[in-house]
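Just below is one structure, and these are the notes that go with it.
The values are calculated or read from the model by the stated rules, or taken from the named source; none is laboratory data. Note that the structure is a prediction, hence the values are computed from the model and not measured. In this analysis, Cβ positions are derived from the backbone assuming ideal geometry, glycine residues included, and neighbour counts consider all displayed protein chains. Protein only, heavy atoms only, side chains kept; ligands, DNA and RNA dropped before computing areas. Shrake-Rupley method; radii C 1.70, N 1.55, O 1.52, S 1.80 Å.
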Amino acid sequence: MTDNGEGLRLGKDLVGLKDLSREQILGILDTAEPFKEISERPIKKVPILRGQTIVNLFMEPSTRTRISFEFAEKRLSADTVNISSSGSSVQKGESLVDTARNLEAMRIHMVVVRHGSSGAARFLADRIPSNVINAGDGQHAHPTQALLDLLTIRDRFGDIEGRRVCIVGDIQHSRVARSNIWGLLKCGAEVAVCGPKTLIPAGIEDLGVQVFGRVEEGIEWCDVLYVLRLQLERMQGGYVPSLREYNRVFGISSSRLQQAASDMIVLHPGPINRGVEIDSAVANGPRSVILPQVTNGVAVRMAVLYLLAGGQPEFAESAKGEDK
Ligand code: CP
């Protein structure tokens, strides 16, 4: 922890890492550390959020984020309700804000929202008094994903400062790339992106990011190779000639990794398209920290929930005593 003053406190909501300082980001990672151990206990439950009611409002598909928020909430003893678009009145045309206001009328404390529209989390946060946590909004941001990625990098290397991270793939449509770029740069990492020209946003260098045209250059340069899925559901046109061609030019295979540093690690946010952006031998191989990323997701989300509920970073260790 670099500071124990007001500067570490989060505001009402967590919408994106762009809004947070380096100290706040590192403060969340530090707060996640003591929460890791709770998931290793035989009884994975502490009373930290007892009495808090949290709604998980998932308007887009999700496996990792939805389930790890749910585990984080349950392990902190919050009461939780899950809502998805299918089976709710959203299917009858109810708006996001009307849904949230009706939930508020039932006296809730927090909303975790995933939505297909960029800006949906901020829109909601500005309109309801409950804490809002962005679990991924359109192409905009996925802050808890980037936080768990930062924690995974720090676990492996001891520090994020000075690490070289190359993000490969569909940068254009990726909220994960955007949140990681903001988070990594704030924490002092060097960041590069690599992918087909059609999937690299114009002017990305202005953020302080290098661009590699060939994936081999990125692999030789980096300590961390962050592989992204092709977001086929967000692509309207022919961004790549074919998935096979994409795999041939940018796919991460064991033979491509022969030029990598011996301690280079491979991250992927999931879901994986094996044989497209990453081969199974790499995803399952010794450099892969894809499953440790998922494990860290629970601790990071526990930390975010704890801090937004008013918990103090410096008290996280003492707060995690056994349930009584
Ligand atoms: N990484 C991620 O957001 O995965 P899900 O879509 O399964 O939540």
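Scanning region 105-143 for residues that are assigned to a loop (DSSP other than H, G, I, E, B), over 16 Å from Ile54 (Cα atoms) and touching a residue at least 12 places away in the same chain (Cβ under 8 Å) yields Gly116, Ser117, Ser118, Gly119, Arg127, Gly138, Gln139, His140, His142. In the set Gln231, Gln210, only one residue is under 26 Å from Ser118 (Cα atoms), more than 16 Å from the ligand (Cβ to nearest atom) and either within 23 Å of the chain's Cα centre (by Cα) or open to solvent by less than 10 Å² (accessible area, probe 1.4 Å) (or both); that residue is Gln210. So, Ile153, is that one touching a Leu at 6+ places or on another chain (Cβ under 9 Å) and surrounded by 19 or more Cβ atoms within 10 Å (Cβ to Cβ) or not? Judged against the criteria, Ile153 is a match.
Does at least one position in region 84-104 carry a residue that is within 16 Å of the ligand (Cβ to nearest atom), within 21 Å of Arg50 (Cβ to Cβ) and either outside any loop (DSSP other than H, G, I, E, B) or at pLDDT 95 or above (or both)? Checked region 84-104: no residue is within 16 Å of the ligand (Cβ to nearest atom), within 21 Å of Arg50 (Cβ to Cβ) and either outside any loop (DSSP other than H, G, I, E, B) or at pLDDT 95 or above (or both).
The residue pairs whose first member lies in region 271-300 and is more than 14 Å from Arg256 (Cβ to Cβ) and without any contact (Cβ under 8 Å) to a residue 60 or more places away in the chain, whose second member is within 15 Å of the ligand (Cβ to nearest atom) and part of a helix (DSSP H, G or I), and whose beta carbons are closer than 8 Å, counting only pairs six or more residues apart or on different chains, are Ile272/Ala283; Ile272/Ile290; Arg274/Ala283; Ile290/Ala283. Scanning region 62-86 for residues that are more than 17 Å from Arg175 (Cβ to Cβ), open to solvent by 30 Å² or more (accessible area, probe 1.4 Å) and touching a residue at least 60 places away in the same chain (Cβ under 8 Å) returns Phe71, Arg75. All of Gly169, Gly188, Gly218, Gly203 fail the test of being buried (at least 22 other Cβ atoms within 10 Å of the Cβ), away from the ligand (no atom under 16 Å from the Cβ) and of a type in the set (Gly, Ala, Ser), apart from Gly218. Considering region 94-131, the residues that are under 23 Å from Ser174 (Cα atoms) and among the basic types (Lys, Arg) include one that is most open to solvent (accessible area, probe 1.4 Å), namely Arg122. Residue count for region 289-311 under the criterion of being surrounded by fewer than 20 Cβ atoms within 10 Å (Cβ to Cβ), farther than 17 Å from Arg50 by Cβ and not β-branched (Val, Ile, Thr): the result is 2.
This table checks each residue for (1) more than 24 Å from the chain's Cα centre (by Cα); (2) within 20 Å of Asn180 (Cβ to Cβ); (3) within 16 Å of the ligand (Cβ to nearest atom); (4) surrounded by 14 or more Cβ atoms within 10 Å (Cβ to Cβ).
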site: Glu245; (1), (2), (3), (4): yes, no, no, no
site: Val249; (1), (2), (3), (4): yes, no, no, no
site: Ser255; (1), (2), (3), (4): yes, no, no, no
site: Ala260; (1), (2), (3), (4): yes, yes, no, yes
site: Ile265; (1), (2), (3), (4): no, yes, no, yes
site: Asp279; (1), (2), (3), (4): no, no, no, yes
